[in-house]
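Accompanying notes for the structure given below.
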Amino acid sequence: EPEVTQTPSHQVTQMGQEVILRCVPISNHLYFYWYRQILGQKVEFLVSFYNNEISEKSEIFDDQFSVERPDGSNFTLKIRSTKLEDSAMYFCASAGGVGTSVSYEQYFGPGTRLTVT
Amino acid sequence: ILNVEQSPQSLHVQEGDSTNFTCSFPSSNFYALHWYRWETAKSPEALFVMTLNGDEKKKGRISATLNTKEGYSYLYIKGSQPEDSATYLCAFRGKLIFGQGTELSVKP
């Protein structure tokens, strides 16, 4: 069964460093998302991506964040200068099909745990 | 600010018990309501996507109903089994706005 994969599973970085979190969505999916969950809090939406551009982003997704689909298979989240409060579990998700995204199941990857020290 | 609330936050039942949880969401500008099952150390697994008022969906012993006018959805588990132990999340709209989850623990 196709699945979303994410690498690395755990990333430790120092404050101020750049990190890139990688995701490989399900191959025929068209909609891509990043979410994060800070320990003990709700899962929060960061950004959605469709047709090679950001379709929606939350207030969390400031200038320090960027997303890219560099080669048609990977979907990356970059944090330019990490802060302590960026420590969280980051989940990638993808959804398939043509048309509106709202009714499609989103398939989640296993997450990357980012620890900023 | 859109907010999605789930209750209860945690639930402990005996094997064989039937149970249900509630997800409350804003009734205006409704697009879709998603239910996910999330086991520790695994990815959230999609259970249902519900889009129409009055929708009822079923997958095995798990079913869900949707009332978009009053802004709630119920998830039912009939005859709970230990393998049903997980956190059940509901999420609202295309960019999913998640509730805090209901943690279900089923004792054999």
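Observations
- Residues of type lysines that B:K57 reaches as a straight line, Cα spacing below 20 Å, ignoring anything fewer than 8 places off in the same chain: B:K69, B:K78
- A DSSP coil position with no more than 14 other Cβ atoms inside 10 Å describes the following trypsin sites (Lys or Arg not before Pro) in region B:8-76: B:K42, B:R61, B:K69.
- Here A:H10, B:H34, A:H29, B:H12 are placed in order of increasing Cβ neighbour count within 10 Å, fewest first, which gives A:H10, B:H12, A:H29, B:H34.
- Dipole magnitude of chain B about its Cα centre (Cβ charges: Lys, Arg +1; Asp, Glu -1), debye to nearest 20: 280 debye
- The label-point distance for B:E56 and A:E59, in a model that sets each label 7 Å from Cα toward Cβ, rounds to 4.0 nm.
- Loop sites in region B:47-108: GluC sites (Glu not before Pro), DSSP, at most 15 other Cβ within 10 Å: B:E70
- Taking B:L52, B:L96, A:L30 and counting other C-beta atoms within 10 Å, the order from fewest to most: B:L52, A:L30, B:L96
- With eigenvalues of the C-alpha gyration tensor scaled by 5 and rooted, the protein assembly as shown, Å: 30, 20, 16
- The distance separating the Cα centre of region A:25-100 from that of region B:1-44 comes to 22 Å.
- Rounded to the nearest 20 debye, dipole of the protein assembly as shown from Cβ charges on Lys, Arg, Asp, Glu: 120 debye
- In this simple spin-label model, placing a label point 7 Å from the Cα along the Cα-to-Cβ direction at both A:Q41 and A:S9 gives a separation of 2.6 nm.
- Candidates per chymotrypsin sites (Phe, Trp or Tyr not before Pro) in region B:20-91, loop by DSSP, up to 14 other Cβ within 10 Å: B:Y31
- Using a Förster distance of 35 Å, the FRET efficiency for A:M89-B:K69 (Cβ separation, nearest 0.05): 0.50
- The charge dipole of chain A, taken about its Cα centre with unit charges on the Cβ atoms of Lys, Arg (+1), Asp and Glu (-1) only, comes to about 220 debye.
- Shape parameters for chain A, alpha-carbon atoms, Rg then Dmax in Å: 13.5, 42
A short reminder: the numbers here are calculations on the coordinates, not readings from a lab. Predicted model only: the values in this text are computed from it and were never measured. Don't worry about glycine lacking a Cβ; one is built from the backbone with ideal geometry, like all the others, and counts go over all protein chains shown.
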